[in-house]
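Participant: Here you go, one structure.
The values are calculated or read from the model by the stated rules, or taken from the named source; none is laboratory data. Being a predicted model, the structure only gives us computed values, none of them experimental. Note: ideal-geometry Cβ built from the backbone for every residue, glycine included; neighbour counts use all protein chains shown.
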Amino acid sequence: MKNLERNKSLDLIKWIALLSMIIDHAWYILPTELQEPFRWMRIVGRLAYPLFCLAIAANVCRQPVGHLGGLNYLGGIFFFALISQQPYSRFFEGNHLNILFTLGLGLVITQAIHHLKPTLIAAGITALAIAVVYRPILSFGLCGALLPAALLAALQARVIETRIVTWSTAALIAVLANTGAGIMLLPDLPARALASISAAALAPLLGLALLQFRLRSIRPVGTWMYPIYPIHMLLLNSLSITWA
């Protein structure tokens, strides 16, 4: 199979996802008295995960059905997920698994749905089972693992009615992944919660709009993005300790 031509719009989406993630994480090291005035950083951060998932879905969607690609991509995700877990646990001081585990499971599920090969279907079912079992400690939970597949369905929709349903479903799953189902049950949501919900819901539509851009040039987001994940957390953690 020939290598697919690089999609510069996808690089733009990855850049926005990467920068919004770093902005989100940087909020945690702000002095306590600055956290509330800079709450907008957390709202910007709600864009990151849906855009990362859209990048995965768009890459899978471009693959000819039956011709599996991205094995190195998948291997890189899980390799750096393992490397990133210790810096992630130190930074967030919890027992959750980092975002790369969720993205890796989501990629396996999405490829299984797209290619429909028996071995991939078995792998997808296994990945889904893992996401169900580990959902309490999986970053963005079960919805996070399902979001790339939901976005794949949205990208593949051709009939306008189907597009509306699939993109609405993807937006809902993005909200549930980012905020959890509990926030949707609150009778009177505060303004910052509404802002977070809106950002998460609009992220897939923002990504769809960005995919329509035809950029002439943009710096590619390559495999260097993997080590950036643990490195930026180590750096932020060091800054937090220094300022403290």
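Participant: When the residues of region 1-52 are filtered to those that are in contact (Cβ under 8 Å) with a residue 24 or more places away in the chain and not in a helix (DSSP H, G or I), which remaining residue is farthest from V65 (Cα to Cα)?
Facilitator: Taking the candidates together, the pick is P31.
Participant: Please work out which one of (1) assigned to a helix (DSSP H, G or I); (2) more than 18 Å from the chain's Cα centre (by Cα); (3) under 27 Å from I22 (Cα atoms); (4) without any contact (Cβ under 8 Å) to a residue 40 or more places away in the chain is the condition R163 fails and give its number.
Facilitator: For R163, the failing item is (3).
Participant: Please go through region 212-235 and give me each residue that is among the hydrophobic types (A, V, I, L, M, F, W, C) and either touching a Lys or Arg at 6+ places or on another chain (Cβ under 9 Å) or crowded, with 18+ Cβ neighbours inside 10 Å (or both), ordered by number.
Facilitator: F213, L215, I218, V221, M225, M233, L234
Participant: From (1) more than 21 Å from P227 (Cα to Cα); (2) crowded, with 17+ Cβ neighbours inside 10 Å, pick out the condition that doesn't hold for E33.
Facilitator: Of the numbered conditions (1) more than 21 Å from P227 (Cα to Cα); (2) crowded, with 17+ Cβ neighbours inside 10 Å, the odd one out for E33 is (2).
Participant: Another question, then. Taking region 87-103 on its own, how many of its residues are crowded, with 18+ Cβ neighbours inside 10 Å and either touching a Lys or Arg at 6+ places or on another chain (Cβ under 7 Å) or of a type in the set (S, T, N, Q) (or both)?
Facilitator: Number of matching residues: 2.
Participant: Can you name the condition, by its number, that I218 falls short on among (1) at pLDDT 80 or above; (2) assigned to a helix (DSSP H, G or I)?
Facilitator: (2)
Participant: Name the residue that is modelled with the lowest pLDDT, counting only residues in region 20-78 that are under 20 Å from Q156 (Cβ atoms) and among the β-branched types (V, I, T).
Facilitator: Across region 20-78, the extreme among qualifying residues is V65.
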